[in-house]
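Chemist: There's a structure below that I have some questions on.
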Amino acid sequence: MTFAPGTVLRVVARSRLGRAAAALLLVVGALAGWWLSSGNGNRYPGGPPRLATGVQRGVYDKYGSLLREYLDEHQPALKLQLDDSEGSVDNLERVLSGRDAFAIATADAVTDYQGPQKSRLRAIARLYDDYLQLVVPADSPVHRAADLRGLRVSVGQSLSGVNLVTRRLLAAAGLDPDKDIHPAMLGVGDAADQLKAGKLDAFFWSGGLPTSALADLSEQFPIRIVPLGDLAESVHQQEGGGVDAYRAATIPPDAYPKAQNGETAVPTLAVPNLLVTRDDVDPGLVEDLTRAVIDSRDTIGAKVHAAQLVDLRTAVYTAPLPLHEGARRYYTSVKP
């Protein structure tokens with residue numbers, strides 16, 4: 001076989017160019033891997049995931065901020081973004097609509113939710129319990145929920161878990177929340193400010209212990225936490241869906257030591273919080289986030305005491321939701 005003049009040179013040149021191109025691709029691939037692993041990119045499909053938290057100065061908000069800080073330090077490729085919300089019901093809608101990949105929601109809100117895509121909800125972990133707290137000025141005549149008749153009371157924002165459980169509790173106390181009180185739909189921070197300003201007589205809050213907005217309020221203004229334990233069984237009986245979301249609980253004396261009844265445990269009721277997602281969220285992403293939630297317990301718990309209760313043994317009890325496949329992978333991998 002013979003070659004035209006210059007053919008050999010062109011073949012050699014093409015061979016050298018091919019090897020150079022291959023080497024360049026290897027370099028680009030290595031740089032891309034470094035970019036992602038160093039936190040300068042995001043290796044998960046769909047871009048940085050979003051977590052719906054809750055109202056400002058609430059426990060969801062604080063927990064989300066600290067979880068993001070933990071990820072920035074320990075898993076920098078997982079660039080979590082946070083979204084404020086009204087609370088549990090709003091969060092479920094955000095997840096199902098695709099606005100957020102993850103959210104925190106109470107078990108009773110999940111049970112009650114009636115959206116058409118509810119079957120797509122999945123759980124990542126059971127986190128900690130929310131405690132229902134009725135806050136009044138220290139000199140208030142309110143000593144039980146029934147005493148709220150005719151008063152100005154914040155019952156939580158319309159799409160919050162606070163509003164859901166508060167309405168049930170008021171009904172258990174023999175009060176119509178739309179007629180027997182003057183309801184205000186406020187987040188915990190605004191409610192605390194209005195109580196201090198004399199624009200509210202009381203407010204309900206459902207959150208982990210302690211909630212910073214209440215702790216801060218107790219430092220500036222004399223408050224008292226009203227016992228609600230006598231209504232726990234009646235509220236429990238109102239539940240539907242066959243899920244026992246509520247339990248009798250007590251707020252320990254050291255939760256709000258500056259409150260007037262700071263030396264006495266206050267009976268109330270509690271409901272678990274779940275970290276939730278959708279069935280189509282990337283399993284690798286969910287597995288990594290599950291690992292971070294468990295591994296960050298002590299770090300976050302040092303600043304959000306409720307997070308100290310996040311535990312590998314109880315995290316898998318996520319009724320009424322099944323675990324996401326990514327979360328299941330993580331729990332299986334660390335099972336003793």
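Chemist: Counting only heavy atoms of protein chains, what accessible area per residue, in Å², does segment 209-336 have with a probe of 1.4 Å? Walk me through the numbers on the way to the answer.
Modeler: Numbers: 6030 Å² over 128 residues.
Per-residue value: 47 Å².
Chemist: Treat each spin label as a single point 7 Å out from the Cα along the C-beta direction, and report the residue 302 to residue 117 distance in nm.
Modeler: For the pair residue 302/residue 117, the computed spacing is 3.9 nm.
Chemist: A follow-up question, please. At a 1.4 Å probe radius, carbon and sulfur cover how many percent of the accessible area of segment 246-294?
Modeler: 49
Chemist: Something else about it: Residue 264 versus residue 280, label points 7 Å from Cα toward the beta carbon: distance in nm?
Modeler: Label at residue 264, label at residue 280, 5.4 nm between them.
Chemist: Still on this model: Take the solvent-accessible surface of the protein heavy atoms, probe 1.4 Å, and return the percent of it on segment 79-154 that carbon and sulfur atoms account for.
Modeler: Accessible surface attributable to carbon and sulfur in segment 79-154 totals 44 percent.
Chemist: Give 62/179; 79/303; 196/303; 118/196; 199/258; 62/258 a once-over and call out the pairs whose C-alpha atoms are over 30 Å from each other.
Modeler: 62/179; 118/196
Chemist: I would also like to ask the following. What distance in nm lies between label points placed 7 Å from Cα along the C-beta direction at residue 313 and residue 139?
Modeler: 4.9
Chemist: Please report the spacing between the Cα centers of segment 173-232 and segment 104-157 in Å, no decimals.
Modeler: Comparing the Cα centres of segment 173-232 and segment 104-157, I get a distance of 11 Å.
Chemist: Given a Förster distance of 45 angstrom, what is the FRET efficiency for residue 250 paired with residue 97, based on the Cβ-Cβ distance and rounded to 0.05?
Modeler: In this case the efficiency is close to 0.75.
Chemist: Over all alpha-carbon pairs of segment 131-202, lay out the pair-distance distribution in 5 Å bins, whole %, shortest bin first.
Modeler: Percent of pairs per bin, in order: 3, 18, 31, 29, 16, 3, 0.
The values are calculated or read from the model by the stated rules, or taken from the named source; none is laboratory data. Quick caveat, the model's predicted, so the values are computed rather than measured. Reconstructed Cβ throughout: ideal geometry from the backbone, glycine too, with neighbour counts over all protein chains shown. Keep in mind that these areas ignore ligands, DNA and RNA; they rest on the heavy atoms of the full protein, side chains included. Shrake-Rupley method; radii C 1.70, N 1.55, O 1.52, S 1.80 Å.
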